[in-house]
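J.: Have a look at this one before I ask anything.
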Amino acid sequence: MKDMALWNEGDWIAVVAVFVLAIFLAIGAKIAIQKEPEFAGHPKGLYMLFFAEMWERFSYYGMRALLIFYLTQHWLFNDSKSNLIYGAYTSLVYITPVLGGYLADRYLGQRKAVLFGGLLLAIGHSLMAVEGVGGQSDPTINVFWAALA
């Protein structure tokens, strides 16, 4: 990881976004474990779901807006490969909830699935902040692939 003195605006935005996501997930978890079945007239699970979905959408649209630039400018992919990666990322965003729903219904339950999904989201976006010198021969590109997954 690079020295904090060398961080740019994108690095700071990523750190702040992950921090705020963690706070909202903690608030959602606190509401979810309360004994009362409702909070402010709504089912308590609704708040956790709202916060998780809000930050998931925020992170998706933010990543979508920057991904092509990141691939072409930092990792030096050509346009066709960048578009292929962008398309795969976008399609997986809409396909993986099917797997998540199956895991939630069969094994994890709703609360654990939302917490686990939010945790994976935060870890992935935190790993996106890891930068190397750039280019496809840089070994830190493997961290990028893991974060994108």
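J.: Give Ser137, Ser91 a once-over and let me know the one that is farther than 21 Å from Gly10 by Cα, among the polar types (S, T, N, Q) and either in a loop (DSSP other than H, G, I, E, B) or in contact (Cβ under 8 Å) with a residue 40 or more places away in the chain (or both).
T.: Ser137
J.: Please work out which residue is farthest from the chain's Cα centre (by Cα), limiting yourself to region 51-69 and to residues that are surrounded by 12 or more Cβ atoms within 10 Å (Cβ to Cβ) and free of Cβ contacts under 8 Å to residues at least 40 places away in the same chain.
T.: The extreme case among them is Ile68.
J.: Test Ala113 against the criterion of being in a helix (DSSP H, G or I), in contact with a Phe, Trp or Tyr (Cβ under 9 Å, 6 or more places away or on another chain), modelled with pLDDT of 80 or more and within 28 Å of Val130 (Cα to Cα), and give yes or no.
T.: When the stated conditions are applied, Ala113 passes them.
J.: Taking the condition loosely packed, with under 13 Cβ neighbours inside 10 Å, at pLDDT 75 or above and touching a helix residue (DSSP H, G or I) at 6+ places or on another chain (Cβ under 9 Å), does Asn78 pass?
T.: Against the criterion (loosely packed, with under 13 Cβ neighbours inside 10 Å, at pLDDT 75 or above and touching a helix residue (DSSP H, G or I) at 6+ places or on another chain (Cβ under 9 Å)), Asn78 qualifies.
J.: Checking the conditions here, which among Tyr107, Tyr102, Tyr47 is surrounded by 16 or more Cβ atoms within 10 Å (Cβ to Cβ), more than 17 Å from Ala147 (Cα to Cα) and not basic (Lys, Arg)?
T.: Tyr47
J.: So Trp12 passes all but one of these: (1) of a type in the set (Phe, Trp, Tyr); (2) at pLDDT 80 or above; (3) in a helix (DSSP H, G or I); (4) over 15 Å from the mean Cα position of the chain (by Cα). Which condition number does it fail?
T.: (2)
The values are calculated or read from the model by the stated rules, or taken from the named source; none is laboratory data. It should be emphasised that the depicted structure is a prediction, and the values quoted were computed from it without experimental measurement. As a convention, Cβ positions derive from the backbone with ideal geometry for all residues, glycine included, and neighbour counts pool all protein chains shown.
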